[in-house]
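Reviewing the structure listed below.
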Amino acid sequence: MKYIYIILFLLSSLSINEIVQAQQRTIQFSQQFRLAEGIVRIAEPGVIADNVNLWGDVNAPGRYNVPRGTTLHELISYARGPATFRTGESTLDWSKLRIDVKVSRFNETNSNEEVFNFRYRYDEQVPHGMRQFVVYEDDIVSLEVKRRPNLTDYLRVIGPIASIAATTLLVIDRL
């Protein structure tokens, strides 16, 4: 009976060791993984990196540890792009969207905040300066997706108001 326990112990320790090694292999070759909720490391260990905050209408907002020299459009791509507006019944037409990108950077030499704005429609080309714009340590990048209201948006506002007015008239008529 004693030998059975020893054999079971050896087999379990070998399987646990194999699981740990498999997890280390996946982490070692991973390009991007989450350090904590909202913190994402893109830069490989040992690479000079900057920490940049990405807020707003992106699919994965958070604090990104990116290699030095990362451009603005690469950062947005790491966050899986602008957030999409989808419901179970419809998908938003991207051609009607406007994307506003704002980068806030603290200038230590004169102690003020510099703000760089980029605005473009989704069906147009990316603004000239945005493609070459490099993000630096502690920049705050906010992205806002705007769209024009369509007929269903107006009906969602007018519908309840008309319903309340009609119900009120019926109640007054019955009294």
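Every number here is computed from the coordinates shown, using simple stated rules; none is lab data. Since the model is a prediction, treat every value here as computed from it, not as a measurement. Reconstructed Cβ throughout: ideal geometry from the backbone, glycine too, with neighbour counts over all protein chains shown.
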In the stretch 47-68, how many are of a type in the set (A, V, I, L, M) and outside any strand (DSSP E or B)?
3
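For every residue, the table says whether it meets (1) under 30 Å from Leu72 (Cα atoms); (2) touching a residue at least 12 places away in the same chain (Cβ under 8 Å); (3) aliphatic (A, V, I, L, M).
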site: Glu113; (1), (2), (3): yes, no, no
site: Pro127; (1), (2), (3): yes, no, no
site: Glu137; (1), (2), (3): yes, yes, no
site: Arg147; (1), (2), (3): yes, yes, no
site: Thr152; (1), (2), (3): no, no, no
site: Pro160; (1), (2), (3): no, no, no
site: Leu169; (1), (2), (3): no, no, yes
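Can you tell me which residue in the stretch 121-166 is nearest to Arg80 (Cα to Cα), limited to those that are among the aliphatic types (A, V, I, L, M) and surrounded by 14 or more Cβ atoms within 10 Å (Cβ to Cβ)? Step through it out loud before you land on a result.
Step one: of the stretch 121-166, the residues among the aliphatic types (A, V, I, L, M) are 126, 130, 134-135, 140-141, 143, 145, 151, 155, 157-158, 161-162, 164-166.
This time we only want the ones that are surrounded by 14 or more Cβ atoms within 10 Å (Cβ to Cβ), so: 130, 135, 140-141, 143, 145.
Numbers: Met130: 17, Val135: 17, Ile140: 17, Val141: 14, Leu143: 12, Val145: 14 Å.
Going through the qualifying residues, I end up with Leu143.
What's the total number of residues in the stretch 117-175 that are closer than 30 Å to Ser104 by Cβ and either out of contact with any Ser or Thr (no Cβ under 9 Å at 6 or more places or on another chain) or hydrophobic (A, V, I, L, M, F, W, C) (or both)? Please lay out each step first, then the result.
First, pick out the residues of the stretch 117-175 that are closer than 30 Å to Ser104 by Cβ: 117-149.
Checking which are either out of contact with any Ser or Thr (no Cβ under 9 Å at 6 or more places or on another chain) or hydrophobic (A, V, I, L, M, F, W, C) (or both) leaves us with 117-120, 124-130, 133-138, 140-141, 143-149.
Residues that pass the stated criteria total 26.
Given the options Val141, Val115, Val145, Val135, name the one that is in contact with a Pro (Cβ under 8 Å, 6 or more places away or on another chain) and of a type outside the set (Phe, Trp, Tyr). Write out each step before concluding.
Numbers: Val141 fails: in contact with a Pro (Cβ under 8 Å, 6 or more places away or on another chain); Val115 fails: in contact with a Pro (Cβ under 8 Å, 6 or more places away or on another chain); Val135 fails: in contact with a Pro (Cβ under 8 Å, 6 or more places away or on another chain).
Just a single option satisfies the conditions, and that option is Val145.
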